[in-house]
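Written out below as structure tokens is the structure these notes cover.
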Amino acid sequence: MAVVVPRAVLLAAVASLACLAFAEPPPSERSALLAFLTATPHERRLGWNTSTPACAWVGVTCDAAQSTVVQLRLPGVGLVGAIPPATIGRLPNLQVLSLRSNRIIGGIPDDLLQLSSLRAIFLQNNMISGAIPSGVGKLAALERLVLSHNNLSGPIPFALNSLASLRSLRLEGNRLSGKIPSITNPELKDFNVSVNSLNGSIPQALARFPADSFAGNLQLCGKPLPPCSPFFPSPSPAPGMSPGDEPATVSNKKRKLSGAAIAGIVVGAVVVALLLLAVIVLCARSRRRRGAREGAPKGTSAAAVGQTRGVAPPASGDVTGMTSSSKDDM
């Protein structure tokens, strides 16, 4: 028995397919993509033009309704130069951004940090420089942040600890410095900060990752790397964490003397020793002089003095006469 499909249903289905075929993101998103491609030199031709729907462009993925751009993937297409501002940041529903393995320079644009729907950022294997902006902590939906093998410098921002959905953080092969913040997110499964210039002790919350995740940082220590010397301070706690909330091992380390205190004690001891040595030397010299004075004769007779000078001593009468003459002159 043949199934009869009402004509109205057929017409509705055809209309829906036609709408999907001609659906397009808003003009603002289309112009944002074209502005990005126009301002960024690229070696490969991507074939973006106004005669084809934006959702059909190379590297562009739209949602099921073809109404908005949700992914922009352009890995290894020869992009050269900085990411122009006010381009990708005008894609409000973007969830995945992948511009890896290109020749992108400059910093991470601030407007990218306003895309609240971003779940993954892949910018590895470029020449991006500057600091990791602390505004990355505003991307509450972010699950993967891969910035490895660039020229990023400065500290790792504490704001990363506020990303509750973060599962992968790859920062290896940069020039990052300072201490590693305590990232306590239990969802973090992939972590790597190797080959940087980080220092200090590894936070206890990150000690569960293998040693390869921290290798290549000459001044980094603590489990899973070799233990720290007393001169390496404990890592700084994450923002909002009071000293009482820190792990027991961290509080125990705080009870130990810091490197500066130990150095001060050593310097003070050396100064006191030098002062004592100086006092001992001065006392020894003083005793020598006093002994020399006491060993010499207390006085010499007039006869000895006269004989020494070759003059005969006066007679007793002469002495008496000189005395009386002196009284007369007075």
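List of remarks:
- Selection of segment 203-217 for residues being part of a loop (DSSP other than H, G, I, E, B), over 13 Å from the mean Cα position of the chain (by Cα) and surrounded by 20 or more Cβ atoms within 10 Å (Cβ to Cβ) yields P203, F214.
- The residues of segment 142-155 that are in contact (Cβ under 8 Å) with a residue 40 or more places away in the chain and part of a loop (DSSP other than H, G, I, E, B) amount to a single one, S148.
- Every residue from segment 149-165 that is more than 16 Å from I180 (Cα to Cα), surrounded by 15 or more Cβ atoms within 10 Å (Cβ to Cβ) and among the polar types (S, T, N, Q): N150
- Filter pass, P230 being at pLDDT 95 or above and of a type outside the set (F, W, Y): no
- Among residues of segment 177-200 that are on the phi > 0 side of the Ramachandran plot and open to solvent by less than 10 Å² (accessible area, probe 1.4 Å), those with a beta-carbon under 6 Å from a residue that is part of a loop (DSSP other than H, G, I, E, B) and not β-branched (V, I, T) at least six positions away or on a different chain give the pairs G200/K179; G200/F232; G200/P235.
- Within segment 122-156, being in contact with a helix residue (DSSP H, G or I) (Cβ under 9 Å, 6 or more places away or on another chain) and more than 19 Å from L72 (Cβ to Cβ) holds for I132, P133, S134, G135, G137, K138, A140.
- Within segment 88-103, the presence of a residue that is over 18 Å from G59 (Cα atoms), modelled with pLDDT of 95 or more and of a type in the set (G, A, S) is excluded.
The values are calculated or read from the model by the stated rules, or taken from the named source; none is laboratory data. Worth saying up front: this structure is predicted, and the values here are computed from it rather than measured. No Cβ is skipped: glycine too gets one built from the backbone with ideal geometry, and neighbour counts run over all protein chains shown. All accessible areas refer to the heavy atoms of the entire protein, side chains included, with ligands and DNA or RNA removed. Shrake-Rupley method; radii C 1.70, N 1.55, O 1.52, S 1.80 Å.
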